[in-house]
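Colleague: Once you've had a glance at the structure underneath, I'll fire off some questions.
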Protein chains: 2
Amino acid sequence: MNRPQGRTGRPRSAEADRAILDATRTVLVELGWGKLTLGEVAARAGVAKTTLYRRWAGKNELVVDAVADLFDEHLELPDRGSLRADIEGVVRQFAALLDRPETKTALMAVVAESTRDEALRERIRSAIVDRQKNLVLLGRARAQERGELPYEPDPVLAARTADLIFDVIAGAVVHRTLVSAEPVDGEWARGFTALLVGGLAAAAGGSA
Amino acid sequence: MNRPQGRTGRPRSAEADRAILDATRTVLVELGWGKLTLGEVAARAGVAKTTLYRRWAGKNELVVDAVADLFDEHLELPDRGSLRADIEGVVRQFAALLDRPETKTALMAVVAESTRDEALRERIRSAIVDRQKNLVLLGRARAQERGELPYEPDPVLAARTADLIFDVIAGAVVHRTLVSAEPVDGEWARGFTALLVGGLAAAAGGSA
DNA sequence: CAGTTACGCTACGGCTCGTAGCGTAAGAAG
DNA sequence: CTTCTTACGCTACGAGCCGTAGCGTAACTG
């Protein structure tokens, strides 16, 4: 979508895009969400403030894109051999991401704003949330191939369960990190994973 | 603490306190966190802006107190007869609280700010989080009396488990409501509770 | 009564916002 | 190369909010 066919005129500078998003992350680290201003970001990026407004509607959208880059780079799900190991791995990975000052200060802020902005919520979903959810789907598919989890024939029920697991994992890690403000160390990750895997096993055994 | 013994001079108006906190909640509903200004709150409360600044350091502290009142009024844990019913009850109750526009727009915002403000985090903890966590402790104590959960002799381990359960419950509900933006209906509450109770049972059985 | 503290009101400098206007720069089409 | 179109940098602006200071008045205490 960077190449609208009939596009004429001077193209947008991709370098400016990078500089702006980099500057946004830097300012997030140094000043935090609350004191981040578009003027400051523009100055750091070596770009005119108007250029910034031509590409993003405001602070929210800019920060979502800046943070989404981090999720792109640092979320993956290598096969660790078992459901338990896969869950524990993604928990640690997500926790490490949330531990960065850029994401810690920004993620909750844009989510809060999104409760009153449908377009922003959709942007967050497609840029961040859906990528996380895909890890859950991938993890489940692997567990099913290994025989650790049963196949769910009903697609609606399967989707509901995946959503539930996603909310539990992401929610617990976020709450632990941002609200309780305690570290997700190895002990917590193991305990949480044990709880979740135990619940999944109970559900699989109980309903079968 | 409203009656410092040697206190002299004109006392602070309790009515003004109420009016300000009420106005804060009203503005949160109508304008949301982002557009809430202290000037607007003062005007609605029929109070001078300076009066507001004499009592609260800023927007964050004010909103925490305004929201904390709601938690005080709407969080309780009647004995529903079983661990499962108690958990499902608290999940529904917390979800209903998060579904209010005042809390939905404000809670995540102040949590986001608290990542860079230790005093604010402490205020949130004592005014909101600890009250929630007490419900977890109460629910566990009841379940132990009923024989549904084993007594944990090690107090450190017991505290860790309670923290874990708290983060899982609160985190999942928050994530479901604010990030996934899906309702916590009866079906979700049942599914989540089943997952959690199953995990607890597995942990109790596995370690015993 | 005097002493002390809270209140309402006004006013202010400072900062950020988001936009408009203008001249210039960079590709695309002829 | 010329013309067209769009992006860019820069400046300037009104608007809004912030947080504080100053002052006179109100309320309660000893």
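Colleague: Contact list please: Cβ distance under 6 Å, first residue in the range B:47-73 and on the phi < 0 side of the Ramachandran plot, second residue in a helix (DSSP H, G or I) and near DNA strand D (Cβ under 10 Å from one of its atoms), pairs at least six apart or on different chains.
Modeller: Correct list of pairs: B:Lys49/B:Gly39; B:Lys49/B:Ala42; B:Leu52/B:Leu38; B:Leu52/B:Ala42; B:Trp56/B:Leu62.
Colleague: Another one. Collect the residues in the range A:9-64 that are within 10 Å of DNA strand C (Cβ to nearest atom) and hydroxyl-bearing (Ser, Thr, Tyr), keeping them in residue-number order.
Modeller: Hits for the range A:9-64 are A:Ser13, A:Thr37, A:Thr50, A:Thr51, A:Tyr53.
Colleague: Please go through the range B:112-151 and give me each residue that is part of a loop (DSSP other than H, G, I, E, B) and under 18 Å from B:Arg84 (Cβ atoms), ordered by number. Even if it seems obvious, please write down each step before you answer.
Modeller: Filtering the range B:112-151 down to residues part of a loop (DSSP other than H, G, I, E, B) leaves B:115-117, B:147-151.
The answer is B:Gly147, B:Glu148, B:Leu149, B:Pro150.
Colleague: Of all residues in the range B:152-161, which are crowded, with 17+ Cβ neighbours inside 10 Å and either in a helix (DSSP H, G or I) or in contact with a Cys (Cβ under 8 Å, 6 or more places away or on another chain) (or both)? Steps first, please.
Modeller: Narrowing the range B:152-161 to residues crowded, with 17+ Cβ neighbours inside 10 Å: B:152, B:161.
Passing the criteria: only B:Thr161.
Colleague: Let me ask you something else. Evaluate the following for B:Leu75: is it closer than 30 Å to B:Gln144 by Cβ, of a type in the set (A, V, I, L, M) and modelled with pLDDT under 95?
Modeller: Numbers: closer than 30 Å to B:Gln144 by Cβ: yes; of a type in the set (A, V, I, L, M): yes; modelled with pLDDT under 95: yes.
Yes: the conditions hold for B:Leu75.
Colleague: Tell me which residues, restricted to the range B:144-160, are under 26 Å from the mean Cα position of the chain (by Cα), under 25 Å from A:Ala189 (Cβ atoms) and of a type outside the set (Val, Ile, Thr).
Modeller: The answer is B:Leu149, B:Pro155, B:Leu157, B:Ala158, B:Ala159, B:Arg160.
Colleague: Still on this model: Where in the range B:1-111 are the helices (runs of 4 or more DSSP H), entirely inside, with at least 3 residues that are within 14 Å of DNA strand D (Cβ to nearest atom) and surrounded by 13 or more Cβ atoms within 10 Å (Cβ to Cβ)? Lay out the reasoning, then the answer.
Modeller: Working: elements: B:14-35, B:38-45, B:49-55, B:59-74, B:83-99.
Because the criterion is at least 3 residues that are within 14 Å of DNA strand D (Cβ to nearest atom) and surrounded by 13 or more Cβ atoms within 10 Å (Cβ to Cβ), the helices (runs of 4 or more DSSP H) in the range B:1-111 that meet it are B:14-35, B:38-45, B:49-55, B:59-74.
Colleague: Please indicate, with yes or no, whether at least one residue in the range A:148-158 is within 13 Å of chain B (Cβ to nearest Cβ) and small (Gly, Ala, Ser).
Modeller: Yes, there is a match, as at least one residue in the range A:148-158 is within 13 Å of chain B (Cβ to nearest Cβ) and small (Gly, Ala, Ser).
The values are calculated or read from the model by the stated rules, or taken from the named source; none is laboratory data. It should be emphasised that the depicted structure is a prediction, and the values quoted were computed from it without experimental measurement. Cβ coordinates were reconstructed from backbone atoms using ideal geometry, including for glycine residues, and neighbour counts include every protein chain displayed.
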